[in-house]
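This report refers to the structure that appears directly beneath it.
The values are calculated or read from the model by the stated rules, or taken from the named source; none is laboratory data. As the structure is a prediction and not an experimental result, all values here were calculated from the model. Cβ placement follows ideal geometry from the backbone for every residue including glycine, while neighbour counts extend to all protein chains displayed.
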């Protein structure tokens, strides 16, 4: 069957489906990128948590390996293992106790995990919508013998 014998309303529906499929694929890709960013942040905070756990057994003058990112560490001599600096953003840091820093990390991990879960749910919804649109497009193509 040639394209000219396909009803106009079907051609319009095909165009709409193609646009929806493109948008859904873009949304899925964006969500996957956001999840990757949040997973990287979670990994970084987990490094801090591991360092905090190590600090609990240390005293002033002890040495410790401190992660600096990218699986790199520096050897440091501890002055006061019960105090840490936390970033407030924009290059601003705050001296705080180890317990306060641990609580902050715990809250950040909980928030990140909650956000990741929400994004994964959105991703699933978009994937289901994408599959539905693709199935509809295939049915139209089969009905009008556009697929062989």
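Key figures
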{"item": "The lone exception for residue 35 - which of (1) touching a residue at least 40 places away in the same chain (Cβ under 8 Å); (2) surrounded by fewer than 15 Cβ atoms within 10 Å (Cβ to Cβ); (3) part of a helix (DSSP H, G or I) it fails", "result": "(2)"}
{"item": "Selected residue [at pLDDT below 90, surrounded by 10 or more Cβ atoms within 10 Å (Cβ to Cβ) and over 21 Å from residue 109 (Cβ atoms)] from 78, 65, 17", "result": "65"}
{"item": "Number of positions in the stretch 81-92 that are farther than 30 Å from residue 27 by Cβ and exposed (fewer than 13 other Cβ atoms within 10 Å of the Cβ)", "result": "6"}
{"item": "Candidate set: the stretch 93-119, residues that are under 25 Å from the mean Cα position of the chain (by Cα) and more than 24 Å from residue 34 (Cβ to Cβ); chosen: the one surrounded by the fewest Cβ atoms within 10 Å (Cβ to Cβ)", "result": "103"}
{"item": "Positions within the stretch 66-82 being free of Cβ contacts under 8 Å to residues at least 12 places away in the same chain and within 27 Å of the chain's Cα centre (by Cα), in sequence order", "result": "68, 70, 71, 72, 73"}
{"item": "The lone exception for residue 23 - which of (1) in contact (Cβ under 8 Å) with a residue 12 or more places away in the chain; (2) under 28 Å from the mean Cα position of the chain (by Cα); (3) under 30 Å from residue 143 (Cα atoms); (4) surrounded by 14 or more Cβ atoms within 10 Å (Cβ to Cβ) it fails", "result": "(1)"}
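Every residue, every condition in (1) assigned to a helix (DSSP H, G or I); (2) free of Cβ contacts under 8 Å to residues at least 24 places away in the same chain, yes or no:
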residue: 84; (1), (2): no, no
residue: 93; (1), (2): no, yes
residue: 103; (1), (2): yes, yes
residue: 115; (1), (2): yes, no
residue: 118; (1), (2): yes, yes
residue: 121; (1), (2): yes, yes
residue: 127; (1), (2): yes, no
residue: 133; (1), (2): yes, no
